[in-house]
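The values are calculated or read from the model by the stated rules, or taken from the named source; none is laboratory data. Here the structure is a predicted model, which means the values were calculated and not measured. As a convention, Cβ positions derive from the backbone with ideal geometry for all residues, glycine included, and neighbour counts pool all protein chains shown.
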Amino acid sequence: MNHNDFRDAGYKVFGLLGPVDHDGKQLDERLAYKKPYSSGWQHTPHWSDEQWELFHEVGAFDTGYGVLMDGLLVVDVDARNGGDSSYEKLLEKVPEIAGAGLIVNTGSGGGSKHIYFLSPGRALVQHLGDYPGIDFKSSGYVVGPGSLHVSGSRYAVAVGSPDDIEDAPAALIAMLEKPEHHRHEYRGATLDVSNADIAEMLRHVDGYDDYDSWVEIGMCVHHATGGTGFDVWNEWSQQSSKYDGEEMHKKWHSFGKSANPKTIGTLIYRAEQGGWKQSVTFTPDVDFGPVELPTEHDVDLLRPPGFVGELAEWIESQSRRPRERLAVAAALAAMGNLAGLRYRDDRDNVTSNLFAFCVAGSGTGKEAIQQAMSEIHAVTGISAATHGAIKSEQEIMRNIALRHQAAFYIVDEIGIFLQKIKNAQARGGAAYLEGIIGILMSAYSKANGRMLITGDLKDDIRAEINKKIASLNKKKDDGVKVGDDEINALTDKLDALDEGLLRPFVSVVGFTTPVTFDGLVDFETATNGFIGRSLLFEERDTAPRSKPRFRKTAMPSRIADRLVAIYQAGEFDHKKVGAVVEASSRKSIPTDPAASDLLDEVVQWFEDQAVDHKSRTGLESLYLRAYELVAKVSFILAIPEGIRTVEHVRWAFALVKRDIDSKMHLVMSNTSEGGKSRMALNSAIAHAIGDEGLTIGVLRNKLSRKWKREDIDAAVADLVGRGLINEQEVPAGNGKTSKRLIMA
């Protein structure tokens with residue numbers, strides 16, 4: 001039995017180091033064969049197939065693996081410290097333990113063993129004074145069977161398999177359960193809190209006179225206590241001069257119905273801000289040191305943490321072929337769009353609008369991802385601000401000045417659009433097209449400021465705003481329900497028009513193919529252009545196999561409800577209005593101290609890289625812009641959870657680091673000798689082949705006026721080798737065959 005068996009059974013596992021650390025230094029006996037291969041092991045997801053293969057390639061499981069105690073309870077019997085006699089005594093009380101579905105003999109010998117059960121998910125003690133030498137582990141991890149022990153032996157299965165693990169005996173749970181305690185995951189650790197702990201936290205929170213804070217804290221207490229902490233919240237609320245006892249129970253029950261609850265993390269953050277010092281702590285078995293920035297092996301970029309990951313999983317389920325990277329892009333962008341005018345970042349004041357390029361072969365599932373993203377927009381009521389094409393500079397300005405405060409672009413074949421700009425620049429006639437890119441970048445960077453507009457356009461906008469306000473007021477006079485947010489937003493725009501548009505929110509998700517996109521990423525576009533400010537999501541498998549028995553699934557109600565709740569930002573009685581505009585008061589997303597410290601490290605890491613690349617490659621601007629992208633992505637991940645954590649920062653850092661690596665690879669490819677002409681030739685080949693395909697002979701004839709035959713053949717060989725073009729043998733007459741080229 002090994003790590004594959006646990007993964008196949010649905011449990012979370014991660015690799016362990018052997019006798020030495022990553023730096024080659026010997027680990028002491030406490031850590032040898034037990035230290036996790038990757039930092040951030042507490043946030044282990046259900047690994048994607050791709051990440052699983054990578055772990056095997058780098059040898060992460062060579063000496064052993066850990067099994068995360070997520071949903072598990074393991075009775076850990078240490079014979080060396082009296083566990084044998086304690087175990088016999090425990091069996092007298094709970095004889096069912098001996099019949100566990102999985103029992104593993106540890107490598108230390110004697111009667112030491114791990115006995116596996118399913119955990120009830122409640123707060124449990126780890127030690128019982130009457131049973132020395134036994135740990136009852138329902139947090140942290142244990143070393144899995146098949147792993148090496150420092151003694152040289154292996155952990156060996158005595159009974160059963162991961163599929164045989166069953167519920168823990170009720171008598172055992174009764175012995176271990178902490179009365180009136182509630183279990184939560186917080187900052188990568190397991191935290192058990194009581195109602196008394198919650199009451200102590202509330203003594204350091206004074207938001208009872210502010211309605212939004214009062215509701216937020218009530219939601220935190222409800223979630224943290226599993227709905228049993230009404231008295232705690234009620235007592236805290238009585239400090240307010242606005243206290244209304246008749247409304248308390250009604251409001252409390254509404255918290256239990258919320259699709260977007262606030263958690264204990266927000267409560268702890270608010271309490272710490274008020275001076276509370278955490279007395280409820282979790283001490284791991286072994287201290288592995290401070291949180292570190294992840295390497296490429298530590299984070300699964302196909303598994304975003306939290307609700308965004310759940311959203312990405314549903315989006316990907318809509319595609320007949322595996323398109324996990326595109327699904328991640330769509331989930332991040334969609335969450336950023338629906339939350340952008342509702343929430344604000346407490347730490348860096350970044351916004352959640354993204355520019356993203358989704359690069360995948362023709363016919364491999366891009367359309368399904370686009371449709372799923374559009375459905376998310378429809379569910380939350382922001383479809384009216386969603387556009388499928390970028391037409392002109394004036395159209396962009398009208399979208400954000402007249403129609404809505406936001407403009408969300410989901411654009412197919414954006415590579416062709418950008419290629420037109422590139423070609424126009426080469427001919428010296430790109431003013432119109434360059435204006436589009438310029439206005440997009442200007443709006444993108446001013447999502448938390450003001451965007452100035454030209455005089456003629458200002459007059460047109462002023463006239464149309466007045467016309468629209470008059471129309472809305474007439475509807476109101478006629479008894480039609482009109483959202484005040486919409487009228488107020490238009491009035492604010494009118495009053496401040498000379499000062500510019502306040503907080504325009506523009507995002508772009510563009511779908512394209514490698515053959516039309518790759519050549520666009522050169523030194524200029526990567527350092528100064530539109531692409532340099534974007535995130536790349538590339539699917540390099542241009543012929544992915546269909547999923548067996550594929551069938552689309554409707555969006556689950558739990559996901560739809562939560563999306564709406566996030567968009568409503570906690571306003572239970574909020575009604576959708578005609579225009580997509582900023583909420584009257586944006587909700588604040590705080591950053592916990594550990595995450596804030598890690599963000600400081602991220603800044604330093606990228607700036608160090610920028611200094612290095614200034615003299616080596618000249619691509620330092622990629623690193624100088626990187627922190628803003630990390631802040632944006634981690635902010636988006638944090639919105640559904642209510643607070644930014646270390647897990648969000650680590651994942652965002654890994655994503656942006658990979659993005660820079662991808663851009664640098666493309667830049668180097670396209671700025672090598674002949675790179676510019678190869679880009680143009682690749683584009684011409686793709687255009688000539690089209691959807692129907694053609695033989696190599698016909699292709700040569702089509703392109704021979706501009707390119708040499710040997711250059712055409714070399715470019716085709718390169719595109720075939722990269723999987724961007726497929727070759728088929730077809731009859732050519734006289735018993736001969738020819739090669740037919742088809743776009744992948």
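For this structure, a couple of remarks:
- Boolean, Asp167 is under 16 Å from Asp70 (Cα atoms) and touching a residue at least 24 places away in the same chain (Cβ under 8 Å): yes
- Hey, Glu539 crowded, with 20+ Cβ neighbours inside 10 Å and under 23 Å from Val509 (Cα atoms) or not: yes
- Applying the condition of being farther than 21 Å from Ala565 by Cα and among the acidic types (Asp, Glu) to segment 206-255 and asking which residue is nearest to the chain's Cα centre (by Cα) yields Asp206.
- The lone exception for Gly723 - which of (1) within 32 Å of the chain's Cα centre (by Cα); (2) modelled with pLDDT under 85; (3) in a helix (DSSP H, G or I) it fails: (3)
- Counting only residues that are in a helix (DSSP H, G or I) and either crowded, with 18+ Cβ neighbours inside 10 Å or touching a strand residue (DSSP E or B) at 6+ places or on another chain (Cβ under 8 Å) (or both), segment 380-402 holds 8 of them.
- Residue list for segment 348-379, filter: part of a loop (DSSP other than H, G, I, E, B), within 23 Å of Ala447 (Cβ to Cβ) and among the small types (Gly, Ala, Ser): Ser352
Table: residues versus (1) of a type in the set (A, V, I, L, M); (2) loosely packed, with under 14 Cβ neighbours inside 10 Å.
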| position | (1), (2) |
| --- | --- |
| Val75 | yes, no |
| Val94 | yes, no |
| Gly101 | no, no |
| Gly110 | no, yes |
| Tyr116 | no, no |
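- A Cβ distance below 7 Å, combined with a sequence gap of six or more or placement on separate chains, defines the contacts here; from segment 637-655, residues that are in the same structural domain as Ala312 (by TED's automatic domain parsing) reach no residue that is of a type in the set (Asp, Glu) and assigned to a helix (DSSP H, G or I).
- Within segment 514-541, considering residues that are part of a helix (DSSP H, G or I) and within 22 Å of the chain's Cα centre (by Cα), the one modelled with the highest pLDDT: Arg533
- Only residues that are in contact with a helix residue (DSSP H, G or I) (Cβ under 7 Å, 6 or more places away or on another chain) and either assigned to a helix (DSSP H, G or I) or at pLDDT 80 or above (or both) were counted in segment 474-492, giving 4.
- Of all the residues in segment 453-468, those that are among the aliphatic types (A, V, I, L, M), within 39 Å of the chain's Cα centre (by Cα) and assigned to a helix (DSSP H, G or I) number 3.
- Given (1) among the charged types (D, E, K, R); (2) surrounded by 16 or more Cβ atoms within 10 Å (Cβ to Cβ); (3) more than 30 Å from Arg398 (Cβ to Cβ), number of the condition Lys614 does not satisfy: (2)
- Here Val299 fits the description: at pLDDT below 95, among the hydrophobic types (A, V, I, L, M, F, W, C), in a loop (DSSP other than H, G, I, E, B) and buried (at least 23 other Cβ atoms within 10 Å of the Cβ).
- Filter result for Val359 (of a type in the set (A, V, I, L, M), buried (at least 20 other Cβ atoms within 10 Å of the Cβ), in contact (Cβ under 8 Å) with a residue 60 or more places away in the chain and not assigned by TED's automatic domain parsing to the domain that holds Arg562): no
- Picking from residues in segment 252-269 that are in a helix (DSSP H, G or I) and hydroxyl-bearing (Ser, Thr, Tyr), the one that is farthest from Thr228 (Cα to Cα) is Tyr269.
- Considering residues of segment 150-194 that are within 37 Å of the chain's Cα centre (by Cα) and of a type in the set (Ser, Thr, Tyr) only, the residue surrounded by the fewest Cβ atoms within 10 Å (Cβ to Cβ): Ser161
- Hey, Lys422 closer than 26 Å to Phe357 by Cβ, without any contact (Cβ under 8 Å) to a residue 60 or more places away in the chain and within 36 Å of the chain's Cα centre (by Cα) or not: no
- Scope segment 367-419; condition of a type outside the set (A, V, I, L, M, F, W, C) and touching a Gly at 6+ places or on another chain (Cβ under 6 Å); matching residues: Glu393
- Test: His223 is assigned to a helix (DSSP H, G or I), surrounded by 20 or more Cβ atoms within 10 Å (Cβ to Cβ) and either assigned by TED's automatic domain parsing to the domain that holds Asn195 or in contact (Cβ under 8 Å) with a residue 60 or more places away in the chain (or both): yes
- Among the conditions (1) of a type in the set (A, V, I, L, M); (2) closer than 27 Å to Asp298 by Cα; (3) out of contact with any Lys or Arg (no Cβ under 7 Å at 6 or more places or on another chain); (4) at pLDDT 90 or above, the only one that Leu54 does not satisfy is (4).
- The residues listed here are Ala79, Ala60; of these, the one that is among the small types (Gly, Ala, Ser), over 25 Å from Glu647 (Cβ atoms) and at pLDDT 90 or above is Ala79.
- Ala407 vs. criteria surrounded by 18 or more Cβ atoms within 10 Å (Cβ to Cβ), in contact with a His (Cβ under 7 Å, 6 or more places away or on another chain) and either among the aromatic types (Phe, Trp, Tyr) or more than 21 Å from Asp541 (Cα to Cα) (or both): yes
- Of everything in segment 120-149 that is outside any strand (DSSP E or B) and charged (D, E, K, R), the residue that is surrounded by the most Cβ atoms within 10 Å (Cβ to Cβ) is Arg122.
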